[in-house]
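Note sheet for the following structure.
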Amino acid sequence: MIKPMFGYRPKPKQFDLPLRYYDPEKDEKEKRRKRIKFQTHNRVKPAQFTRVVFFALLLSLVVYLITIL
């Protein structure tokens, strides 16, 4: 609060930017790795979801039949 009265101006923060170089071979390897990973994960979930829904419907049908009888 007192600093602005004496002509203090905030200085921009200094930082060191790490140098990076583009490597096309490394970029291709990462793309292939990500693509393969993405394809393998999609196959498991739909079958498990349908199984859970099927058992939930079956359980609700059994409970419904027990309450009627």
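With the structure loaded, tell me whether Lys34 is within 31 Å of the chain's Cα centre (by Cα), part of a helix (DSSP H, G or I), modelled with pLDDT of 85 or more and not hydrophobic (A, V, I, L, M, F, W, C) or whether it fails that test. Criteria not met by Lys34. Being within 25 Å of the chain's Cα centre (by Cα), open to solvent by 100 Å² or more (accessible area, probe 1.4 Å) and at pLDDT 80 or above, is that true of even one residue in segment 5-17? No, segment 5-17 contains no residue that is within 25 Å of the chain's Cα centre (by Cα), open to solvent by 100 Å² or more (accessible area, probe 1.4 Å) and at pLDDT 80 or above.
The values are calculated or read from the model by the stated rules, or taken from the named source; none is laboratory data. Bear in mind that the values here come from a model prediction, so they are computed numbers and not experimental data. Surface accessibility is based on the protein's heavy atoms, side chains included, excluding ligands, DNA and RNA. Shrake-Rupley method; radii C 1.70, N 1.55, O 1.52, S 1.80 Å.
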